[in-house]
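J.: The structure that follows is given in the form of C-alpha cells.
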Amino acid sequence: MEYISQIAFLLVLAVATYFITKRVGTIKNNIQLGRDTDRSDQKGRRWKNTFLIAFGQKKMFKKFIPAFLHLLIYAGFLIINLEVLEFIIDGIAGTHRIFAPILGSTYYSAAINIFEFLAVAVLFSCVVFLIRRNVIRVNRFKALKGWPWLDANLILIIEIVLMIAILTMNATDQLLQGRDDHYVQTGAFFFSGFLIPLFENMSVGTLIFIERFAWWFHIIGILGFTIYITYSKHLHIFMAFPNTYFARLGPKGRMNNMEDVTTEVKSMLGIDTGATNGEPPAEVARLGAKDATDLTWADLMGAYSCTECGRCTAECPANITGKKLSPRKIMMDTRDRISEIGENIKKGKTAEEGSPLFSEQYITDEEINACTSCNACVEACPININPLDIILQRRRFMAMEESSSPQSWNSMFQNIETNFAPWKFPPSDRFNWANKLNEEK
Amino acid sequence: MSDISYKVPTMQEMSAKGESPEVLFWVGCAGSFDDRYKAVTVAFTKILNKVGINFAVLGPEESCTGDPARRAGNEFLFQMQAMSNIQVLDGYNVKKIVTACPHCFNTLKNEYPELGGNYEVIHHSTFLQQLINDGKITLKGGGEFKGKKITFHDSCYLGRANGVYEAPRDVIRALDAELVEMKRCKTKGLCCGAGGAQMFKDAEPGTKEVNVERTEEALNTGAEVIAAGCPFCMTMMSDGVKNKEKENSVKVFDLAELIAKSEGL
C-alpha cells in the first residue's frame with residue numbers, strides 16, 4: 001500500500017511525458033514542412049540576440065508596465081520550476097520536501113520564501129493582465145474572439161489557480177509541522193503565512209487531505225498545463241528562444257533573393273552562369289507562396305512562437321487606418337493552416353486538403369495587398385517574428401504564378417518593362433530635369 | 001545666382017574624357033520624372049556643385065532599380081532591372097553611389113550584392129551630414145530656417161529598414177532650427193503609406209488614408225516645416241497637408257532643399 005502514491009505519480013509522469021513528447025514531435029514535423037532556408041550563419045550574433053531579446057526581453061521593455069508584469073511571470077516561471085524538481089523527486093522517492101534537510105531550515109525557508117514571493121507576484125500580474133484584457137480592454141486585445149480569447153484568459157486563470165495551490169500547500173504544511181512529527185521543520189513562510197487563519201481550525205486529517213490535494217493538484221496541473229501549452233499561443237515560452245535565434249539578420253529592408261529566378265534571368269540575358277552548360281535549368285519550384293508549406297520553416301516556427309500579443313498589429317499603418325490587414329492574423333492563420341496540413345498528413349489524406357493558406361478561409365489578397373512593407377510589425381515583435389516575409393512571398397505567387405496582382409501594379413510592371421520607370425514617361429525624358437538647373441529662380 | 005553655372009556631367013561624358021567621378025549620383029525615377037521631386041534633384045545637384053564634389057549621373061542610361069516590382073512580387077522584373085543596371089554600373093566601374101531615394105538606396109545597397117553588384121551606397125542625408133561634419137557646408141548664422149520648428153518624418157526604408165535615424169536629424173540641427181519629434185518617430189515611425197509599391201496603386205478599403213493619419217501627427221507638433229528624405233514620403237506628406245488645407249502655413253521640404261535654401265542656392 002505504501003508505494004501506491006509513488007506508482008500513481010510515476011504513472012502520471014509517464015502519461016504526461018508521452019503526450020508532451022508526441023506533441024513536440026508533431027510541432028517539429030509541422031515546422032519542417034516549410035521550405036528550407038539557411039540560418040546557420042553568424043552564430044555569435046544569433047546567440048547574442050537570443051540572450052538579449054528572448055532571455056533578456058529587451059524588446060518587451062518598449063512598453064514598461066506590461067514588460068514589468070511579464071517579467072514577474074517569466075521570473076516566476078523560471079524560478080518556481082526549481083520547486084517542481086523537488087515535487088518530482090518527492091513524488092518518485094515517496095519523500096516529503098526532500099530538499100529541506102539537505103539545505104537546512106535557514107536556506108530552505110529562504111528559498112521557499114523567494115518562491116512564494118514570486119508566486120504572489122505571478123498571481124498579481126495575472127490578475128492585472130486579466131483586468132487589462134477584460135475590464136480595461138486594451139485596444140490590441142479587442143480583436144481576439146472565440147478560441148484565441150478563451151485561450152488567453154484560460155492561461156492566466158490556470159496560472160492563478162496553480163499559484164493558489166502552492167500557497168495553500170505551504171500554509172497547511174506549516175500547520176501540520178506543529179501538529180505531526182512526520183512533517184519536516186522548515187521555518188516560517190511569509191506569504192502563505194497569511195493563509196494560515198483559513199485553515200487553523202481544521203483537523204489534522206483535513207489538513208493532510210488539503211495539503212496532499214494541493215500538492216497533487218499543483219504537479220498534475222503543471223504537467224497538464226504543459227500539454228495544454230502545446231495547443232496554445234502560450235507555446236511562446238519555449239519557442240521564443242529558437243525563434244529569436246533563427247530570426248533573419250541583416251538590414252530589415254533586404255528581401256531574400258530567389259535563386260531560381262536568378263538562374264533563369266541570367267540565361268535570358270545571355271549571362272553565362274557556368275552551371276547549366278546550356279541545358280535547361282531543373283524544374284523551377286512554385287514561385288512564391290500559395291499555401292503554408294510554400295513558406296520557410298522559419299516562418300512556420302514564427303507562427304508557432306506567436307503569442308498573439310498584437311504589438312505588430314497595433315503598429316501596422318494599414319491596420320491603424322482600418323484596412324483588413326493584421327500582421328498578428330497572418331501569423332495565427334499560418335499556424336492554424338500548417339497544423340491542419342500536419343493533421344491531413346497524419347490521417348493519410350493529401351496535404352493540400354482544405355483551403356490553402358492564401359484563400360478566403362484564411363488570408364485574403366485584400367490583406368496582402370494592403371501592406372506597405374514598412375517593417376513596423378517586424379520591429380514591434382518582442383521575439384523577432386517576421387509577418388512581412390510571409391506577405392511578400394504571397395505577393396510573389398500572385399505576380400508570377402497567378403497574375404492576380406492589382407491592375408495598377410500590372411500597369412506599373414509594364415511601365416518598368418517598356419519605359420524602365422514605374423510611370424509612363426519615355427526614357428528619353430529622364431535627364432530633362434537638368435534643363436532646370438540653370439534656370440533663374 | 002547667375003555667377004555660378006551648375007554642371008551635371010554624365011558618366012558617358014566623363015568616361016569619354018577618360019575621367020571617373022568620386023561618386024555617382026543615382027537620381028531615381030521620382031527624382032527624374034516627378035515634378036515635385038525634380039526640385040530636390042536640382043537642389044542636391046546645386047549643393048554638389050557648390051561644395052565641389054566630383055560627381056556624375058547616369059542621365060538617360062539610368063533605369064528603375066526594380067524596387068517597386070520586387071515589393072509587388074515581380075521578382076523576374078526586379079532581377080532583369082537589377083542585372084542590366086549592374087552591367088551599366090560595372091561598365092563605368094562605379095564604386096560609390098549617393099541617392100536621394102531611400103528605396104533606391106535600400107535596393108542598391110542591400111539587394112544588388114547578391115546579384116553581383118557591389119558598391120558603397122549612401123543616402124543623401126548621410127552624405128549631407130558628412131559634408132556638414134567635414135565643414136564643407138557651413139551654415140553661418142543659420143539661414144531662413146533658423147529657429148523654425150521642423151519635424152522629420154522617418155522614411156521606413158531609411159529608418160527601420162536601414163537604421164539611418166540620426167543623419168537627417170543632424171542635417172536639421174545644422175540649420176539651427178528647432179527639431180520637434182512626432183510621438184511615433186525613429187524605430188516607431190509611422191509609414192507615409194506609399195512603401196511596398198503602394199505608391200503605384202490605390203489603398204485598400206479602410207477608414208482613413210495612412211498619409212492623412214501621419215500628416216495629422218506631424219501637424220500636431222506645431223512644426224512649420226515637415227522634412228522628408230524620400231520622394232514617396234514627399235508626395236504623401238504634401239498630399240496630406242493639402243488634405244488638411246494647411247499648405248499655406250506648413251511646407252514639406254526635402255533635406256537637400258533645406259540646405260540649398262539656407263545656402264541661398
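J.: Yes or no: A:Phe51 over 13 Å from A:Pro382 (Cβ atoms), open to solvent by 70 Å² or more (accessible area, probe 1.4 Å) and out of contact with any Pro (no Cβ under 6 Å at 6 or more places or on another chain)?
T.: yes
J.: Right, something else. Tally the residues that are open to solvent by 10 Å² or more (accessible area, probe 1.4 Å) and facing another protein chain (nearest Cβ under 8 Å), restricting the search to the stretch A:385-395.
T.: Within the stretch A:385-395, residues that are open to solvent by 10 Å² or more (accessible area, probe 1.4 Å) and facing another protein chain (nearest Cβ under 8 Å) number 1.
J.: Got a number for residues in the stretch B:51-104 being of a type in the set (D, E, K, R) and in contact (Cβ under 8 Å) with a residue 40 or more places away in the chain?
T.: Counting residues in the stretch B:51-104 that are of a type in the set (D, E, K, R) and in contact (Cβ under 8 Å) with a residue 40 or more places away in the chain gives 5.
J.: Right, something else. Quick check on this structure: which one of A:Ile73, A:Ile131, A:Ile79 is loosely packed, with under 15 Cβ neighbours inside 10 Å and within 26 Å of A:Leu235 (Cα to Cα)?
T.: After ruling out the rest, the residue left standing is A:Ile131.
J.: With without any contact (Cβ under 8 Å) to a residue 12 or more places away in the chain and either under 30 Å from the mean Cα position of the chain (by Cα) or in a helix (DSSP H, G or I) (or both) as the only criterion, which of A:Leu52, A:Leu118 stands out?
T.: On inspection, the qualifying residue turns out to be A:Leu52.
Conditions tested, residue by residue: (1) touching a strand residue (DSSP E or B) at 6+ places or on another chain (Cβ under 9 Å); (2) more than 9 Å from every other protein chain (Cβ to nearest Cβ).
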position	(1), (2)
B:Thr41	yes, no
B:Leu48	yes, yes
B:Ala56	yes, yes
B:Gln79	no, no
B:Ile86	no, yes
B:Pro102	yes, no
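J.: Take the conditions in contact with a helix residue (DSSP H, G or I) (Cβ under 7 Å, 6 or more places away or on another chain) and among the aliphatic types (A, V, I, L, M) and apply them to A:Ile345. Does it pass?
T.: no
J.: Is it true that some residue in the stretch B:169-188 is closer than 24 Å to A:Pro422 by Cα, among the hydrophobic types (A, V, I, L, M, F, W, C) and either more than 17 Å from the chain's Cα centre (by Cα) or within 14 Å of chain A (Cβ to nearest Cβ) (or both)?
T.: Looking through the stretch B:169-188, none of the residues is closer than 24 Å to A:Pro422 by Cα, among the hydrophobic types (A, V, I, L, M, F, W, C) and either more than 17 Å from the chain's Cα centre (by Cα) or within 14 Å of chain A (Cβ to nearest Cβ) (or both).
J.: Which condition breaks for A:Gln32 when tested against (1) more than 18 Å from the chain's Cα centre (by Cα); (2) at negative phi; (3) of a type outside the set (Ser, Thr, Tyr)?
T.: The failed condition is (1).
J.: Confirm whether B:Lys38 is within 21 Å of A:Pro426 (Cα to Cα), among the charged types (D, E, K, R), open to solvent by 10 Å² or more (accessible area, probe 1.4 Å) and touching a Phe, Trp or Tyr at 6+ places or on another chain (Cβ under 6 Å).
T.: yes
J.: So A:Ile102 ticks every box in (1) touching a residue at least 12 places away in the same chain (Cβ under 8 Å); (2) farther than 22 Å from A:Thr172 by Cβ; (3) more than 25 Å from the chain's Cα centre (by Cα) but one. Which box is left unticked?
T.: Only one criterion in (1) touching a residue at least 12 places away in the same chain (Cβ under 8 Å); (2) farther than 22 Å from A:Thr172 by Cβ; (3) more than 25 Å from the chain's Cα centre (by Cα) is unmet by A:Ile102, namely (1).
J.: With respect to the numbered conditions (1) surrounded by fewer than 18 Cβ atoms within 10 Å (Cβ to Cβ); (2) charged (D, E, K, R); (3) within 12 Å of another protein chain (Cβ to nearest Cβ), which one is the sole condition not fulfilled by B:Arg71?
T.: Condition not satisfied by B:Arg71: (1).
J.: Shifting gears a bit: Return the residue satisfying two criteria in turn: it lies in the stretch A:303-322 and is among the aliphatic types (A, V, I, L, M) and under 21 Å from the mean Cα position of the chain (by Cα), and of such residues it is nearest to the other protein chains (Cβ to nearest Cβ).
T.: Looking at the filtered set, the residue picked out is A:Ala314.
J.: Quick check on the stretch A:396-428: of everything there that is closer than 16 Å to B:Glu204 by Cβ and part of a loop (DSSP other than H, G, I, E, B), which residue is farthest from the other protein chains (Cβ to nearest Cβ)?
T.: The selected residue is A:Ser404.
J.: Being surrounded by fewer than 22 Cβ atoms within 10 Å (Cβ to Cβ), at negative phi, under 25 Å from the mean Cα position of the chain (by Cα) and touching a residue at least 40 places away in the same chain (Cβ under 8 Å) is true for just one of A:Pro382, A:Pro356. Which residue is that?
T.: A:Pro356
The values are calculated or read from the model by the stated rules, or taken from the named source; none is laboratory data. Note that the coordinates shown come from a computational prediction; the quantities given were computed from them, not determined experimentally. For neighbour counting, all protein chains shown are included, and Cβ atoms are generated from backbone atoms with ideal geometry for every residue, glycine included. SASA here: full protein model, heavy atoms, side chains in, ligands and nucleic acids out. Shrake-Rupley method; radii C 1.70, N 1.55, O 1.52, S 1.80 Å.
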